[in-house]
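Here, each number is a calculation from the coordinates, and none is a lab measurement. These figures come from a predicted structure and were not determined experimentally. Here the Cβ positions follow ideal geometry from the backbone for every residue, glycine too, while neighbour counts run over all protein chains shown.
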């Protein structure tokens, strides 16, 4: 039985761009089309991942310190000693801004979104050792409703990740339904799903889990002794709008953090 559809999901139709493709093979695009995800192995080398970590770590430390000032060290889904979200890093680091435009990301956007694409959101997510709770099943478009509903999430592993420290899991095929109804829980928004057909995506540092904003996904506990580090970059087609309420919406085009990475079919790396 399919899960319940989000009330704002009206007349949705799934599609991907037609080839030829610049970066991906036809087989990879077919998998993305049918299952809602693919993995790009070893997209970046260890030296670059170390540099990116060194850029992000100080921002994450500041976020952790701020969270410790709140009751129980938590604000909504952020918990100082368990899981942190460091957002809009491209506005704070010119090097991370340039990294978000890297040819790997811009080429993925050209192949999977189209000829005019902007960065929509960026955030580092660090899951600390001993985090027992999972981050529950959700779609990225379930947190903030964007039209068009399908944008691209690039979940970049900054450190090696597997089932022991909170690698992503995906639910293939449900992206074709559009945005689903989410419930609010203490751990975040959640889609009630039977995860028996879900797929784990273990990733080496420098590899990317690429999935649609409509692909249900989760991450498990971190039972390891190290911090699981990821950097999530999301890209939306030009003209995308964030739904506020009713008929009110806001363009996704803040040039300070939602700049072009593909324009008129040209990658801007």
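Summary value for the chain: 30 percent relative contact order, contacts being C-alpha pairs under 8 angstrom separated by 6+ residues. Once divided by 2.2 N^0.38 Å, the Cα radius of gyration of the range 95-221 becomes 1.06. Taking the average, over residues, of other Cβ atoms within 10 Å as the packing measure, peptides 104-110, 241-247, 161-167 rank 104-110, 161-167, 241-247 from highest down. In terms of the mean number of neighbouring beta-carbon atoms within 10 Å, the peptides 135-144, 187-196 order highest first as 135-144, 187-196.
Tell me, what is the FRET efficiency for residue 268 and residue 184 to the nearest 0.05, using R0 = 51 angstrom and their Cβ-Cβ distance as r?
Approximately 0.85, to the nearest 0.05.
Annotation: average projected area of the range 1-152 is 11.9 square nanometres, based on the convex hull of Cα atoms across all directions. If you wrap the tightest convex hull around every Cα atom of the chain and split its volume per residue, you get 129 Å³. Taking the Cβ-Cβ separation of residue 34 and residue 133 as r and a Förster radius of 35 Å, what is the calculated FRET efficiency to the nearest 0.05? So, using R0 = 35 Å, E works out to roughly 0.65.
Comparing 146, 113, 77 in a Gaussian network model of the chain where C-alpha atoms under 10 Å apart are linked, the largest mean-square fluctuation is found at 77. When peptides 26-35, 228-237 are sorted by average Cβ neighbour count within 10 Å, with the highest value leading, the order is 228-237, 26-35. With R₀ fixed at 25 Å, the C-beta to C-beta distance from residue 256 to residue 144 puts the FRET efficiency at about 0.90.
Can you tell me how much longer the chain between residue 65 and residue 223 gets when fully stretched, taken as 0.36 nm per residue apart minus their C-alpha distance, in nm with one decimal?
Numbers: separation 158, 0.36 × 158 = 56.88 nm, distance 2.27 nm.
Here the answer is 54.6 nm.
The length gained on full extension between residue 98 and residue 123, counted as 0.36 nm times the residue separation minus their Cα-Cα distance, comes to 7.5 nm.
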